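The values are calculated or read from the model by the stated rules, or taken from the named source; none is laboratory data. It should be emphasised that the depicted structure is a prediction, and the values quoted were computed from it without experimental measurement. Because the Cβ atoms are built from the backbone with ideal geometry, glycine has one as well, and the counts that use them run over all protein chains shown.
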Amino acid sequence: MSTGPLLEVRDLAKHFRVRRGLLGRAAGAIKAVDGVSFHVQAGETLALVGESGCGKTTAGRAVLRLIEPDAGSVHFDGQDVLALDAGGLRRLRRAMQIVFQDPYSSLNPRMTIGNMVGEALKVHGIASGAELGERVARILQRVGLSPDFRNRYAHEFSGGQRQRIGIARALAMAPRFIVCDEAVSALDVSIQAQMINLLKDLQDEYRLAYLFITHDLNVVRHIAGRVAVMYLGKIVETAPTDELFDNPRHPYTRALLEANPQPDPVAPRPRVLQGDVPSPLTPPPGCAFHPRCPKVMAHCDRQPPGWAVVSPGHGVSCHLDENAYIPAKSVTT
């Protein structure tokens, strides 16, 4: 067992080739994830945040090899995930799971809840027969569902109940790491709070590590210990959660926080970023954020920023902090 981070991702990249015309000639590549690095400790929650289309979900799925990355490295508990063959990857699935965003489309409408939750236990030879039924019943009860629901189908449940089923399915294998891909974004606010509390309770009980992918910063503050901010396929800032909210350094992070809805009806209206998100097919030169940045400088459109450590655990990729730049090889996010 490794003594370092439970999950360590370095320079992860996933580019989707674009073809056009009758002959399907290559027309470039969408750089959905372009050199992303981060780590997650055992029992920790790292939130990966950013606008829709920034590459969050692609990064999470590439870590699990649900889609194959084009470059980079992923190590889980010291194992090289990208070097595993089909058998090794299948064994690793017991420790790495995912909860999908949509609780409607992520569940098989032709399978009962009991079969869905217990399927992986049968496939991996962990339980069968009466023991399988008992384990499924315990898991359903642990996520707040009646064991009597095991013979029902997904269409018989509400959105919140379906997401509990998704969590139960991920929990069945007793994993150590779960990717939560916008796991509460499709739910009502009151149900979101219940799901967040459930995930936190499960984390405390089983010492789970989460990669929590979301665009909702209000949720982030309640569940995450650290935050990584993505923009156009790259991580532009990482920090402990309280530090990020109290002292954001990247202009994009500040814009996200200013646009975050506030419960105060007399609070000033948030400033909205000008311009559209550039196409990942043709990203801007230099700093990718410079066309929309309120702090843009003369060299931002020519020179990509390096990585600066501005305080312990707080890093940023921005020319505004260029005096704190450190060599790329010594970056730890």
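For (1) touching a Phe, Trp or Tyr at 6+ places or on another chain (Cβ under 9 Å); (2) not hydrophobic (A, V, I, L, M, F, W, C); (3) not assigned by TED's automatic domain parsing to the domain that holds Phe245, each residue gets a yes or a no:
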{"site": "Asp181", "(1), (2), (3)": "yes, yes, no"}
{"site": "Gln194", "(1), (2), (3)": "no, yes, no"}
{"site": "Leu199", "(1), (2), (3)": "yes, no, no"}
{"site": "Asp204", "(1), (2), (3)": "no, yes, no"}
{"site": "Arg207", "(1), (2), (3)": "no, yes, no"}
{"site": "Asp216", "(1), (2), (3)": "no, yes, no"}
{"site": "Arg221", "(1), (2), (3)": "yes, yes, no"}
{"site": "Gly225", "(1), (2), (3)": "no, yes, no"}
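Within segment 65-94, restricting attention to residues that are of a type in the set (A, V, I, L, M) and in contact (Cβ under 8 Å) with a residue 40 or more places away in the chain, which residue is nearest to Pro175 (Cα to Cα)?
Within segment 65-94, the match that is nearest to Pro175 (Cα to Cα) is Val74.
Of Ala59, Ala47, Ala13, Ala42, which residue is part of a loop (DSSP other than H, G, I, E, B) and under 25 Å from Gln79 (Cβ atoms)?
Ala42 is the lone residue from the list that is part of a loop (DSSP other than H, G, I, E, B) and under 25 Å from Gln79 (Cβ atoms).
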Check: Out of all the residues in segment 51-60, is one or more exposed (fewer than 15 other Cβ atoms within 10 Å of the Cβ) and either aromatic (Phe, Trp, Tyr) or modelled with pLDDT of 90 or more (or both)?
Finding: no
Margin query: Can you find, within segment 153-180, the residue that is nearest to Met195 (Cα to Cα) among those that are in contact with a helix residue (DSSP H, G or I) (Cβ under 6 Å, 6 or more places away or on another chain) and part of a loop (DSSP other than H, G, I, E, B)?
Written below: Ala172
Note to self: Can you tell me which residue is surrounded by the fewest Cβ atoms within 10 Å (Cβ to Cβ) among those in segment 188-245 that are outside any strand (DSSP E or B) and polar (S, T, N, Q)?
What the structure shows: Ser190
Next item on the list: Output the residues belonging to segment 281-296 that are hydrophobic (A, V, I, L, M, F, W, C) and exposed (fewer than 15 other Cβ atoms within 10 Å of the Cβ).
Entry: Leu281
Next item on the list: Considering only segment 109-127, state which residues are part of a loop (DSSP other than H, G, I, E, B) and loosely packed, with under 12 Cβ neighbours inside 10 Å.
Entry: Pro109, Arg110, Gly125
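Would you say Val309 is in contact (Cβ under 8 Å) with a residue 24 or more places away in the chain, over 19 Å from the mean Cα position of the chain (by Cα) and farther than 30 Å from Ile191 by Cα?
So Val309 fails the test.
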Check: Has segment 82-89 got at least one residue that is modelled with pLDDT of 95 or more, crowded, with 22+ Cβ neighbours inside 10 Å and small (Gly, Ala, Ser)?
Finding: no
Next item on the list: Filter segment 11-26 for residues that are in contact (Cβ under 8 Å) with a residue 40 or more places away in the chain and either of a type outside the set (Lys, Arg) or more than 26 Å from Thr282 (Cβ to Cβ) (or both) and give the result.
Entry: Asp11, Leu12, Ala13, His15, Val18
Check: So how many residues does segment 128-151 have that are surrounded by fewer than 14 Cβ atoms within 10 Å (Cβ to Cβ) and in contact with a strand residue (DSSP E or B) (Cβ under 9 Å, 6 or more places away or on another chain)?
Finding: 1
Note to self: Return the residues of segment 1-39 that are closer than 30 Å to Ala174 by Cβ and surrounded by fewer than 22 Cβ atoms within 10 Å (Cβ to Cβ); say none if nothing qualifies.
What the structure shows: Met1, Ser2, Thr3, Gly4, Pro5, Glu8, Arg10, Ser37, His39
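Residues of segment 128-152 being touching a residue at least 12 places away in the same chain (Cβ under 8 Å), in a helix (DSSP H, G or I) and charged (D, E, K, R), which ones?
Scanning segment 128-152 gives Arg135, Arg142, Arg150.
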Note to self: With the requirement that a residue be surrounded by 20 or more Cβ atoms within 10 Å (Cβ to Cβ) and in a loop (DSSP other than H, G, I, E, B), what does segment 65-81 give you?
What the structure shows: Pro69
Next item on the list: Return yes when Leu281 is touching a helix residue (DSSP H, G or I) at 6+ places or on another chain (Cβ under 8 Å) and either in the same structural domain as Val33 (by TED's automatic domain parsing) or not charged (D, E, K, R) (or both) and no when it is not.
Entry: no
